[in-house]
Amino acid sequence: MTGGAWLCLLAPLAGTIAILLAGTRIPRQAAGWISTASVFAAFGGAVWAFFSLRAQSGHDGEITTAWTWLESGSFSAGLQLLVDPLSSLMMLIVSGVGALIVLYSIGYMHGDEEERRYFAYMSLFVFSMLLLVEGGNLLLLLVGWGLVGLSSYLLIGFWHERPTAIQAAKKAFVMNAFGDATMALALFVLIAHSGSLSFATSFATAGHLSQTTVDLVALGLLGGAAAKSAQIPLHTWLPDAMEGPTPVSALIHAATMVTAGVYLIARTHPIFEQARTIELIAAGTGALTLVVAGLVALVQTDIKRVIAYSTMSQIGYMFLGAGVGAYANGMFHLMTHAFFKALLFMAAGAVIHALAGEQDIRQMRGVGALMPFTKWCFLAGALALVGVPPFSGFFSKDSIVAATLGLGWYGWIFWACGVAGAFLTGVYTFRLWFLVFPGEPSELVRRAFGSHEAGDEQDAEPRGHGSEPHHDGEGPWTMLLPIGILAVLATVAGWLQWSPKWHPFTTWLEPAARTLAIAEPTSTQEYVTSAVTVAAGLAGIAVAWAMYAGGRIAVPGAPAVRRALEHKLYFDELYDAVFFRPAAALANWTRTEFEEPAVLQTGPDLGQTALDAGGLVRRLQTGLLRTYVFFLASGAAVIAVVFLLVR
Amino acid sequence: MIAAYSAGAALVWVVWVAAGFACLASGVAVVSFSNPFYSALALIGNLGSLAVLYLLVSAEFVAAAQVLVYAGAVMVMFLFVIAYVGPRMEAPWAGGPSWQTFAAVLAAGSLLTEIVVVIALEAGGSLGQDGSVGRDFGSPGWIGRIFLTDHLLAFEITSIVLLVAAVGGVILGSHTRRQVPEAAIPDDEREVAQVS
Amino acid sequence: MTGPGIVWYLGVAAFLFGTGALGVLLRRNVLIVLLSLEIMLNGANLALIAFSRHVHNGAGQIFALSVMAVAAAEVCVGLGLVVALHRRRLDLDVDALSELRG
């Protein structure tokens, strides 16, 4: 078990180091295969750990310690890995989906000049995420947390000649840093009270803290989770993060990193359960985000941004589930979401790749005629996203919505949000589908596919960094195979659990994250909720069909609302006014009032002083013999006097 | 050697006063004349009176060397150069006493005072004329013996210094060996070429 | 022998030294400066000789002879410089020879 955990953790790190050390000595493609192999090895390790955990009775998991890393006073933290049901689940998801996405990247990033750097970063990211989920104490979790933020920054800004990409990377990093800070503060409080960051001790201590303290700790952890998972109000970085290459969006901003917040809540649920108010705030945040993101997704014109807001919305569902106490449901949705969201991103990436970088869906009609495989896979993912049975989303999403019913009056509000979210999901997803895939190919599409006849082959030479990739037809097998595998998973993965009838998933997670009793719905509630959400989803599909199918692009009324949604509800403008402008003004003021006159002037002033002193001394050098002799004589006289006095 | 001291004490004093006075007067004269030729001649007088003073303290060899070397060779060299350079009359006190004059007088005066004070303090009264010295004190043989035994190093080094000075003097005074056309030398090199 | 004590000799020596110093500091003609330098050296010589007599040690006289030799050497070089200056038509005035100024 622990062998599997170590293999899973270290294989991607070995891949990164191998690529870094090999440098330009290996061909660019080789870097991709090294990275893919390392992540597949990690998946192997995860499978091994999973099966050995299954073989263990009680499934309690095991902590393995490599060495004591940090010791300070009574506080010590070791390099510990934890293999328990929750972490082994995450290991499988991260390494499995990650391996498929890295394989896809080989085809997508083919020809880019800096491919090696890309794959080194990808392996680094997988390592960081695995460290996060395998960490046996909160300190390692925080380390992994920071490293995934770093990898995300590096990969969003991968095409660093684009100023928008760099700004997006900075934005993501800064907002995540805010979350990191709140998390660190929470951990400091825990250390102060319990002297340890191991899970067992921290959770035990949480029970003895005052309500305010444990509320603060939970709030700090929630801040970190919300920043990492792009929940309101720390969500503005996620749409901009789409500046990175599409596989990056698939892996980091859909399947794994953004779900780290949910994992955190599930992992530290004993602390959250002590601070029930904060946990419900988490649920409320999730509910709010899922509705708002769904609304904003309705007016987006960039294919990747639609999917990004969809991610935000679905993570809202997961927060909702974890917040009300249905951890297993939240984690189940995390798993199915990883599959179908990665699928959607990769299929969108295939389309973007084929159209040589075009991302505006208003130009993209009729792609399905020329890319049938992609079309059907995308459809599978879309149906899973909306939650249509028998696709996987149905099984996971509805159980979350049903779990809210036990909570009293705000439970009803959450339930309503969940249903509204399902409706909105239907609308925006199938708006995307109808605008892009069916129908006659548009001008752009025909041009993109038509120009690939006469010798316009896939580049063997470096394409140049920062220019969009493109290929002929549907794409190489390295891109199509992962899409296909994920399409299958998106279809069938849901059959793992249907809450009323069979729930091996929940049972599996019980030792690590037992669902709260209040969050377990009755069968009736389940059935009713499922019916309502499926109906809402289908209604959404119908609305989308009415508005966008068959070549129509209907523009709904309410221009003020539309404008607000197009500006993403003015969050960016608000943050700019509240945070950025005062900070910039303060920095400028400090610069003009303090730094320039005092600090920067110090250097020239010192220099000038030295020069002036030198000038004064220079006047002694008159060039006249008599002056020198005079000084000689005076000096001798003075020395003689001193000599006398001393004796 | 002046060995008959009994009634000669007065004689000694008279000689001493005369020689001392001559010494001081000629010293002032050296510093004061405006014509360097006269200054050189005054210096010769100074050297001579100093030789007399040396004799009074039984330093015969040194007195002889003073007259022979200093007055005889060094001063002659001085006179040659003064004659070569030509008459240059400089008004020594032209322009009135400047701050430099005051400062110089002050410095010299303070040196003087200090020396006297040091001697007085250190000696504390023990600077009387004491005892008699041996017959060969100050004789050439005696000097020679010391030079070649106790102070051999000083002897050798002094000779090296003299050698170096001789070479330097020759180099400084020699004519330019090549006459390079003036126009061909750039300005900053011209002086270098001239000096060598 | 009861001539003047050493103090008298030292007084003369000090006076000579001071006079020479005055000459070096105040005169502008290079040759006169060199001559004043000689006066100073002679003052020192007198003091050395006097002390040699006082402490019955020949080292003072040896020292005085060395001083004489060095004075000769120095005069040789100094006069060589004067000749060189004269050859190049420079004014033999210490105030005018001030190119080494800062």
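The values are calculated or read from the model by the stated rules, or taken from the named source; none is laboratory data. If you're wondering where the values come from, they're calculated on a predicted model, not measured in any experiment. In this analysis, Cβ positions are derived from the backbone assuming ideal geometry, glycine residues included, and neighbour counts consider all displayed protein chains. Heavy atoms of the whole protein, side chains included, go into the accessibility calculation; ligands, DNA and RNA do not. Shrake-Rupley method; radii C 1.70, N 1.55, O 1.52, S 1.80 Å.
Which loop trypsin sites (Lys or Arg not before Pro) in region C:62-91, with loop taken from DSSP, have no more than 12 other Cβ atoms within 10 angstrom of their Cβ?
C:R88, C:R89
Non-local amide H neighbours of A:A356 (under 5 Å, H modeled in plane, Pro and chain starts lacking H): which ones?
A:H471
Keeping all protein chains in place, calculate the accessible area per residue for region C:7-87 (probe 1.4 angstrom), answer in Å².
Working: 2180 Å² over 81 residues.
Heavy-atom accessible area per residue stands at 27 Å².
Which net charge results when you count Lys and Arg as +1 and Asp and Glu as -1 among the other residues whose beta-carbon is under 15 Å from that of A:P163?
Net of charged neighbours comes to 0.
Extension gain A:A181-A:Y628, at 0.36 nm per residue separation less the Cα-Cα distance, in nm?
Values: separation 447, 0.36 × 447 = 160.92 nm, distance 6.83 nm.
The span from A:A181 to A:Y628 would gain 154.1 nm if fully extended.
Set the Förster radius R0 to 35 Å, insert the Cβ-Cβ distance between A:H567 and A:F594 as r into 1/(1 + (r/R0)^6), and round the FRET efficiency to 0.05.
Numbers: r = 37 Å, r/R0 = 1.05.
Result of the calculation: an efficiency of 0.45.
Sum up the charges of everything whose Cβ sits under 13 Å from the Cβ of A:R581, counting Lys and Arg as +1 and Asp and Glu as -1, but leave A:R581 out.
Here the charged neighbours net out to -3.
Report the FRET efficiency, 1/(1 + (r/R0)^6), for A:Q211 and A:A549, where r is their Cβ-Cβ distance and R0 is 51 Å, rounded to 0.05.
0.40
Once you keep just the Cα pairs under 8 angstrom separated by 6 or more residues, what percentage relative contact order results for chain A?
On the way: 1124 pairs, mean separation 86.4, N = 647.
Value for chain A: 13 percent.
Do the alpha carbons of any pairs in A:K171/A:K568; A:K397/A:K568; A:K304/A:K568; A:K170/A:K397; A:K341/A:K568; A:K341/A:K375 sit beyond 23 Å of each other, and which pairs?
With Cα atoms farther than 23 Å apart: A:K397/A:K568; A:K170/A:K397.
Can you tally the net charge around B:A107? Count Lys and Arg as +1, Asp and Glu as -1, for every other residue whose Cβ sits under 15 Å from the Cβ of B:A107.
+1
In Å², rounded to the nearest 100, what is the total accessible surface buried by chains B and C against each other with a 1.4 Å probe?
7100
Any chance you could list P(r) for region C:7-87, counting all Cα-Cα pairs in 5 angstrom bins from zero, rounded to whole %?
Over region C:7-87, the share of Cα pairs per 5 Å bin runs 3, 16, 20, 21, 18, 11, 6, 4, 1, 0 percent.
Kindly provide the helix-only [θ] at 222 nm of the protein assembly as shown, computed as the sum of -39,500 (n - 2.57) over DSSP H runs of four or more divided by all residues, to the nearest 500 deg cm²/dmol? Walk me through the numbers before you get to the answer.
On the way: 39 runs with 647 residues, N = 945.
One gets -23000 deg cm²/dmol as the mean residue ellipticity at 222 nm.
Given 20 °C and 1.002 mPa s, how large is the Stokes-Einstein diffusion coefficient of chain A in µm²/s, with Rh as the Kirkwood radius over Cα pairs? The partial results should precede the final answer.
Working: Rh = 26.5 Å.
It comes out at roughly 81 µm²/s.
Pop out the carbon and sulfur fraction of the accessible area of the protein assembly as shown as a percent, whole number, probe 1.4 Å.
Numbers: 27280 of 39450 Å².
Carbon and sulfur atoms account for 69 percent of the accessible area of the protein assembly as shown.
In nm, to one decimal, how far is the A:A584 label point from the B:A18 one, both placed 7 Å along Cα→Cβ?
10.5
Is there a quick way to get the dipole size of the protein assembly as shown? I mean about its Cα centre, with the Cβ of Lys and Arg at +1 and of Asp and Glu at -1; what is the value in debye to the nearest 20?
That gives the protein assembly as shown a dipole magnitude of about 360 debye.
Give the distance, in whole Å, between the Cα centre of region A:210-240 and the Cα centre of region C:45-102.
Centre-to-centre (Cα) distance: 91 Å.
Quick one: angle between helix C:30-55 and the longest Cα principal axis of chain C, in degrees between 0 and 90, rounded to 10, please.
10
Could you calculate the contour length gain from A:L611 to A:E161, that is, 0.36 nm times the residue separation minus the distance between their Cα atoms, to one decimal place in nm?
157.5 nm is the gain from fully extending A:L611 to A:E161.
Which whole-angstrom value gives the distance between the alpha carbon centres of region A:473-509 and region A:110-159?
So the two Cα centres are separated by 24 Å.
Given R₀ = 22 Å, what would the calculated FRET efficiency be for A:T522 paired with A:T277, taking r from the Cβ atoms and rounding to 0.05?
With a Förster radius of 22 Å, E is 0.30.
Could you state the angle between the C-alpha long axis of helix A:477-492 and the longest principal axis of the C-alpha atoms of chain A, as a value from 0 to 90 degrees rounded to the nearest 10?
Around 60 degrees separate the two axes.
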